[in-house]
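The values are calculated or read from the model by the stated rules, or taken from the named source; none is laboratory data. All figures in this text were calculated on a predicted structure; none of them were measured in a lab. Methodologically, a virtual Cβ is constructed for each residue, glycine included, from the backbone with ideal geometry; neighbour enumeration extends over all protein chains shown. For the accessible areas, the whole protein counts, side chains as well, though only heavy atoms, and no ligand, DNA or RNA atoms are used. Shrake-Rupley method; radii C 1.70, N 1.55, O 1.52, S 1.80 Å.
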Amino acid sequence: MIELVDLHKSFGDKVVLDGVNLSIAKGESMVIIGGSGTGKSVLLKCILGLIKPTSGQILLDGQNVERVERDAFLARFGMLFQGGALFDSLPVWQNVAFRLLRGSLKRPRQEARAIAIEKLRRVGLKPDVADLYPAELSGGMQKRVGLARAIAAEPEIIFFDEPTTGLDPIMAGVINELIREIVTEMGATAMTITHDMTSVRAIADKVAMLHGGVIRWTGPVEQMDNSGDPYLDQFIHGRAEGPIEAVR
């Protein structure tokens, strides 16, 4: 579904991606792990076309994304942003139905509202939440609204950017379960970036570790603990000593 071929990205003299090669199969849940500042978000933004790679190719169903019509390309994606990224001035239902109220996916207003309420229900929120504003919601509820928005247009591919950041362990567990259930139900291809190992184990079919601008290791999540890779082993066990230098 998604293939990255020798992907490079530099900002001036700063090399962030230094030859990333990665394949994500249709219907697969791939989780990208790595420390802060290793380029996980840059990688995601390159795939979405928000940042132009320095070199390399990004293929979607075998087609170079640079040659695909932009609106049709983006219509295939859903996105759960790290900080929720809800619009403060819009009620919850309009946040969820944002893509359904404009552009190529536009639906009649009442239909868009009905879809939004159904997606809110899917993430465990009652219809009376629909007319509230984001500021009236807890952090966990805001994250659920963000998830409802990500799936509102029935995307084929969903990106999750640090989905449990800022949540307590119980709510993080709820969000992880929801993501797993929804991705499986929809048959969607999922790519998650996180450093939360609990999320990795709950969400992933496969795991890829990004370090030093390249994918150090990739494989099924059940092989992660016995990978034999010293970088991955240090990271997943949170050890200060190892090939990854801790910033002191």
Fill in: Residue list for the stretch 67-81, filter: open to solvent by 80 Å² or more (accessible area, probe 1.4 Å), part of a loop (DSSP other than H, G, I, E, B) and not hydrophobic (A, V, I, L, M, F, W, C)
GLU69
Worksheet item: In the stretch 45-62, which residue that is within 11 Å of VAL20 (Cα to Cα) and among the polar types (S, T, N, Q) is nearest to the chain's Cα centre (by Cα)?
Response: GLN57
Practice prompt. Consider SER10 carefully, then state whether it is free of Cβ contacts under 8 Å to residues at least 24 places away in the same chain and in a strand (DSSP E or B).
Written response: no
Worksheet, complete the sentence: Scanning the stretch 48-66 residue by residue, the ones that are in contact with a Lys or Arg (Cβ under 8 Å, 6 or more places away or on another chain), among the hydrophobic types (A, V, I, L, M, F, W, C) and surrounded by fewer than 17 Cβ atoms within 10 Å (Cβ to Cβ) total 0
Discussion item. Testing LYS45 on (1) in a helix (DSSP H, G or I); (2) over 24 Å from MET209 (Cβ atoms); (3) open to solvent by 20 Å² or more (accessible area, probe 1.4 Å); (4) at pLDDT below 95, one condition comes back false. Which one is that?
Written reply: (2)
Discussion item. I'd like to check something: does the stretch 103-115 contain any residue that is in contact (Cβ under 8 Å) with a residue 24 or more places away in the chain, assigned to a helix (DSSP H, G or I), surrounded by fewer than 18 Cβ atoms within 10 Å (Cβ to Cβ) and under 17 Å from the mean Cα position of the chain (by Cα)?
Written reply: no
Practice prompt. Output the residues belonging to the stretch 221-248 that are touching a residue at least 12 places away in the same chain (Cβ under 8 Å) and either among the hydroxyl-bearing types (Ser, Thr, Tyr) or open to solvent by less than 50 Å² (accessible area, probe 1.4 Å) (or both).
Written response: VAL221, MET224, ASP229, TYR231, LEU232, PHE235, ILE236, GLY242, ILE244
Worksheet item: How many of the residues in the stretch 144-171 are part of a helix (DSSP H, G or I) and open to solvent by less than 10 Å² (accessible area, probe 1.4 Å)?
Response: 6
Worksheet item: Does ILE203 satisfy being in contact with a Lys or Arg (Cβ under 6 Å, 6 or more places away or on another chain), of a type in the set (A, V, I, L, M, F, W, C) and in contact (Cβ under 8 Å) with a residue 24 or more places away in the chain?
Response: yes
